[in-house]
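Data block below; observations after.
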Amino acid sequence: MTKDASATTDNRPDTDSRSETADRILDLAQERIQRRGYNAVSYGDLAEDLDLTTAAIHYHFPSKADMVEALVRRYRQQSAAMRKALLEEHDTLVGRLEKYVQRFSSPLRRGGLCLCGVLAADESTLPEKLF
């Protein structure tokens, strides 16, 4: 495993790199959670696949609950932006519905489920912070 290559001289990522690294972490975490569930995702697996150290992940997300909280926040923001775009881009209800279904069925085609649906299924084991 290698250290995060975006680190500055004080061994902390600069703002732009930190954001890119955090996004990479969230992207992979989301894909994994949607396929396997919350409890099957570990910082060790994410770090290995992203060629980071677990410390680099902890730097961006001190706990797994912090990471999932950021992930759900991002998911909600993306969903809100997508719904707004649907209203602006499609004049008909049918057009909006088709794009909406297309957007939310894409995880199924990749072997996953809706992020919030997967987290709801893991509700009994989620940290209190996520409620």
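Data table
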{"quantity": "Subset tally (residues that are among the charged types (D, E, K, R) and assigned to a loop (DSSP other than H, G, I, E, B)) for region 30-57", "calculated": "1"}
{"quantity": "Scan of region 96-115 for residues that are surrounded by fewer than 13 Cβ atoms within 10 Å (Cβ to Cβ) and modelled with pLDDT of 90 or more, ordered by number", "calculated": "Leu97"}
{"quantity": "Hits in region 40-85 - residues which are among the small types (Gly, Ala, Ser) and either open to solvent by less than 30 Å² (accessible area, probe 1.4 Å) or under 25 Å from Ser105 (Cβ atoms) (or both)", "calculated": "Ala40, Ala47, Ala56, Ala65, Ala70, Ser79, Ala80, Ala81, Ala85"}
{"quantity": "Test: Arg83 is farther than 13 Å from Ile25 by Cα, under 16 Å from the mean Cα position of the chain (by Cα) and assigned to a helix (DSSP H, G or I)", "calculated": "no"}
{"quantity": "Filter result for Ala120 (in a helix (DSSP H, G or I), in contact (Cβ under 8 Å) with a residue 12 or more places away in the chain, under 18 Å from Gln30 (Cβ atoms) and not charged (D, E, K, R))", "calculated": "no"}
{"quantity": "Some residue of region 46-53 being without any contact (Cβ under 8 Å) to a residue 60 or more places away in the chain, over 26 Å from Glu20 (Cβ atoms) and touching a helix residue (DSSP H, G or I) at 6+ places or on another chain (Cβ under 8 Å)", "calculated": "no"}
{"quantity": "Cross-chain or 6+ apart pairs with Cβ under 6 Å, region 82-101 first and under 17 Å from Cys114 (Cβ atoms), then among the aromatic types (Phe, Trp, Tyr) and open to solvent by 90 Å² or more (accessible area, probe 1.4 Å)", "calculated": "none"}
{"quantity": "Test: residue in region 86-94 that is within 15 Å of Gln30 (Cα to Cα) and assigned to a helix (DSSP H, G or I)", "calculated": "no"}
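The values are calculated or read from the model by the stated rules, or taken from the named source; none is laboratory data. Remember, it's a predicted structure, so these values are computed and weren't measured experimentally. Here the Cβ is made from the backbone with ideal geometry for all residues, glycine too, and neighbour counts use every protein chain on show. Side chains are part of the model used for accessible areas, which takes the heavy atoms of the whole protein and leaves out ligands, DNA and RNA. Shrake-Rupley method; radii C 1.70, N 1.55, O 1.52, S 1.80 Å.
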